[in-house]
Amino acid sequence: MAYDGSGNAFFSVSSGTINWNGRGFVFTDDLPLPKTDKIVRMIARGVASQSRVTFSSGFSDTPQVMAQNASPSDANCKAVNADAGGFTLWINGGGTTDITVFAIGPK
């Protein structure tokens, strides 16, 4: 399932409807993940330390969140104060950075 910036699904496929040159695909249903959970992966650019980052698709309760520096800078960062809608980015030493975010939690 692919979501737009408002959290609305705009593209959906299933293992029975997709074939790309004989290659296999893994779907979230194939993961050892409870059916009540989902995974959100997103990239946020130019995020300032101690600013709020909103999930591209929210959760019904607080997810587990990992924020990884995705820019060429040497920023040491982490997600803090997560809730169902997002989290605060903490960058050791301040500044801004691009981040890749993975969040897993209740749909």
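Is the stretch 47-56 home to any residue that is at pLDDT below 90 and out of contact with any Pro (no Cβ under 9 Å at 6 or more places or on another chain)?
No; the residues of the stretch 47-56 include none that is at pLDDT below 90 and out of contact with any Pro (no Cβ under 9 Å at 6 or more places or on another chain).
Cβ separations smaller than 7 Å between residues 6+ apart or across chains give the following pairs from the stretch 20-48 residues that are open to solvent by 70 Å² or more (accessible area, probe 1.4 Å) to residues that are part of a loop (DSSP other than H, G, I, E, B) and at pLDDT 90 or above: 36/107.
Scan the stretch 49-64 residue by residue and report those that are open to solvent by less than 40 Å² (accessible area, probe 1.4 Å) and not small (Gly, Ala, Ser). Once the filter is applied, which keeps residues that are open to solvent by less than 40 Å² (accessible area, probe 1.4 Å) and not small (Gly, Ala, Ser), the stretch 49-64 yields 53, 55, 59, 63. Take the residues in the stretch 86-107 that are open to solvent by 40 Å² or more (accessible area, probe 1.4 Å) and among the hydrophobic types (A, V, I, L, M, F, W, C), then tell me which one is nearest to residue 37 (Cα to Cα). Across the stretch 86-107, the extreme among qualifying residues is 104. Counting residues in the stretch 69-85 that are modelled with pLDDT under 95, open to solvent by less than 50 Å² (accessible area, probe 1.4 Å) and under 20 Å from residue 8 (Cβ atoms) gives zero.
The values are calculated or read from the model by the stated rules, or taken from the named source; none is laboratory data. Everything quoted here is computed from the prediction, not taken from an experiment. A quick note on method: Cβ atoms are made from the backbone with ideal geometry, for glycine too, and the neighbour counts reach across all protein chains shown. Note: accessible area is taken over every heavy atom of the protein model, side chains too, but ligands, DNA and RNA are not part of it. Shrake-Rupley method; radii C 1.70, N 1.55, O 1.52, S 1.80 Å.
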